[in-house]
Amino acid sequence: MTYTSRIPCFYKLSLLERVEKLREIARLSDEDVKLLTREGTLPLEVADKMIENVVGTLSIPLGIATNFMINGKDYLIPMAIEEPSVVAAASNAAKMLREGEGIKARATEPLMIAQVQVVKTPSPSKAKYVIYEHREEIKEIANSTNPVLVSLGGGVRDVEAHIIDSSVGPMVIVNLIVDVRDAMGANTVNTMAERVAPHIEKWTGGKVYLRIVSNLADRRLVRAWGRVPKDVLGGDEVVEGIVYAWAFASADPYRAATHNKGIMNGVVAVALATGQDTRALEAGAHAYAARSGKYTSLSTWERDERGDLTGFLEIPMAVGLIGGAVRVNPIAQLSLKILRVKTAGELAEVMGAVGLAQNLAALRALATEGIQKGHMRLHARNIAMTAGAKGSEIDVVVEEMIRRDSIRIDVAKEILESIRNRK
C-alpha cells in the first residue's frame, strides 16, 4: 500500500485493527508491532479510552527524588522524565536545602479563570456596566452547573469585566473567578463559561465567541523558599556565583528562558508522574514570567545577612487530585500514594519546592564546574546504550568515554567493538 495519511474512519477501528492498518501503510515488521503493543503499566484498553487513535503506549523512566523536607514533612518525590541528571540534581539540592531547615511552601486558594469573549456590542462601556449589574445572576447560573463543587466550598468567587482593544475592534472580556477545590478545574470552568454565555449575549446585545479557561492561573500560585548555609554550598565564592547567575537570568530573557526551563524540569517531571496537564503548567509559568512585559526569572536568589544563600520561587500551579488522567492512569495514582499528599494545594507546594530545588542545582553547577560535567556523565550511559552496549558493557564504555573526554556515538561504538573483540 502507498504511504498515506488519509485513512477514512481510522478512529472507528479497534486498537488492533489500527495497528494492522499502520503495519500495512508504514511497513512495520513483526518486531515493530510487538514493541508497539507490548503491555506496560498503562493497560492498552485504558490508553484506548484516554485519547484518540491509540496504537500503543510510550514508557518514560520514573525515578524517586530523595532528601526533600517541605514544611517540616519528608517526601519521596516521583519524577517522570527522560533527561539525565534531573532526579539526581533535585535530590542533591534538596539535601543542601535540608541543612537550612528544609523548604517552605505555600499555595494560594485554588482559583481558576474562565473567560467569555463578547464582541459587537452597541456600547462596550455599557456592556461592562451591565455585566457588573448582573454579577450575582452570573454567579448563580455558573454555580448551578456544579452543585457538588459548591457543596464542598467551591464555586464562583467573583465576576470581572474589562474592555480590550484588538485589531478587529473592542472586546468585552468577562472573567469568572472560580474556586475549583482539589480539581485542576479546566473542564469545570469551561462548563460554567458555556452556561453563562447566552445570558451575557442577551444582556449586552453582543456576540459571544470564546468561552474558555485561561492557563495563566495567576490567582492560583505557589510560593516556595529556602536557605542553604554557605559552607554546605562550598563557600562565599559559590554563593556569589549563584547570585550572579540568577542576576543574569533576571536581566536577560535569553538566559531566563533556559533558567526557567530548569525550574520546569522539576515541576513537569512531578506533573507527568502524577497525571497533571503539563502543557497548561508550562504555558502558565512562562506567561507569568512575562507578566511585567519583559520575560524574566521565576525565581530570586540572594545572599542573606549571614552570607548564606536564600532562594524564592513564585509560579502558577494549577494541579488537581481528581479528574483527568489523575484517576485513570494507574501510575499517577501510585505516584500520589508515594507522595502521600491529601489536597491539590499540598501537591502544588511539593511541586513548587521541587522547582526551587531543581533551580538551585542548575545554578550551583553553572557557577562551579559548569553544567556539562555531571550531565554528560549521565548522558554517556544513553550514548553507550544507543551504540548497542548491554549489561556490564555499558559501564565499561561509559568510563572509557569519560577517560578520553569524548562522549560521542562513534567513540562508543569503537570502544564497544574493542571490548567484544577482546572477548
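The values are calculated or read from the model by the stated rules, or taken from the named source; none is laboratory data. All values derive from a computational prediction rather than experimental measurement. Here Cβ is always computed from backbone atoms with ideal geometry, including for glycine, and neighbour counts include all displayed protein chains.
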**Report entry** Failed item in (1) assigned to a loop (DSSP other than H, G, I, E, B); (2) modelled with pLDDT of 95 or more, with G40 passing the rest
**Finding:** (2)
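Residue by residue, here is whether (1) among the aliphatic types (A, V, I, L, M); (2) in contact with a helix residue (DSSP H, G or I) (Cβ under 6 Å, 6 or more places away or on another chain) holds:
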| position | (1), (2) |
| --- | --- |
| R106 | no, no |
| V116 | yes, yes |
| L152 | yes, no |
| V159 | yes, yes |
| M171 | yes, no |
Query - Among (1) surrounded by fewer than 18 Cβ atoms within 10 Å (Cβ to Cβ); (2) outside the structural domain of V232 (by TED's automatic domain parsing); (3) charged (D, E, K, R); (4) part of a helix (DSSP H, G or I), the one test that E400 misses - result: (1)
Query raised in the report: In the stretch 403-423, how many residues are under 21 Å from E83 (Cβ atoms), surrounded by fewer than 18 Cβ atoms within 10 Å (Cβ to Cβ) and aliphatic (A, V, I, L, M)?
Result: 1
Report summary line: Among helices (runs of 4 or more DSSP H) completely within the stretch 181-288, the ones holding 3 or more residues that are free of Cβ contacts under 8 Å to residues at least 60 places away in the same chain are 186-204, 236-251, 253-273
Report task. Could you please find all residues in the stretch 4-59 being touching a residue at least 24 places away in the same chain (Cβ under 8 Å) and of a type in the set (S, T, Y)? Result -> Y11, T41
Query raised in the report: In the stretch 310-337, how many residues are closer than 16 Å to M50 by Cβ, outside any helix (DSSP H, G or I) and among the polar types (S, T, N, Q)?
Result: 1
Query - Sole residue being part of a loop (DSSP other than H, G, I, E, B), among the β-branched types (V, I, T) and farther than 29 Å from A94 by Cα, chosen from V46, V55 - result: V55
Report task. Tell me, please, whether a residue that is more than 20 Å from V228 (Cα to Cα), at pLDDT 95 or above, in a helix (DSSP H, G or I) and not charged (D, E, K, R) can be found in the stretch 291-300. Result -> no
**Report entry** Exclusive hit being buried (at least 21 other Cβ atoms within 10 Å of the Cβ), in the same structural domain as T343 (by TED's automatic domain parsing) and either under 28 Å from G345 (Cβ atoms) or not acidic (D, E) (or both), set V228, V189, V180
**Finding:** V228
Query raised in the report: Got a sec? Which of L298, L336 is within 17 Å of the chain's Cα centre (by Cα), hydrophobic (A, V, I, L, M, F, W, C), assigned by TED's automatic domain parsing to the domain that holds Y254 and within 21 Å of L363 (Cβ to Cβ)?
Result: L298
Report summary line: D74 meets each of (1) assigned to a strand (DSSP E or B); (2) exposed (fewer than 15 other Cβ atoms within 10 Å of the Cβ); (3) touching a helix residue (DSSP H, G or I) at 6+ places or on another chain (Cβ under 9 Å) with one exception, condition (3)
Query raised in the report: Out of all the residues in the stretch 282-295, which are within 18 Å of the chain's Cα centre (by Cα) and closer than 11 Å to A257 by Cβ?
Result: H286, A289, A290
Query raised in the report: Somewhere in the stretch 165-172, is a residue in a strand (DSSP E or B) and either acidic (D, E) or buried (at least 16 other Cβ atoms within 10 Å of the Cβ) (or both)?
Result: yes
Requested in this report: Check off (1) within 23 Å of the chain's Cα centre (by Cα); (2) in a loop (DSSP other than H, G, I, E, B) for T4 and give me the number that stays unchecked.
Outcome: (1)
Report task. Could you tell me whether any residue of the stretch 8-23 is at pLDDT 95 or above and at positive phi? Result -> yes
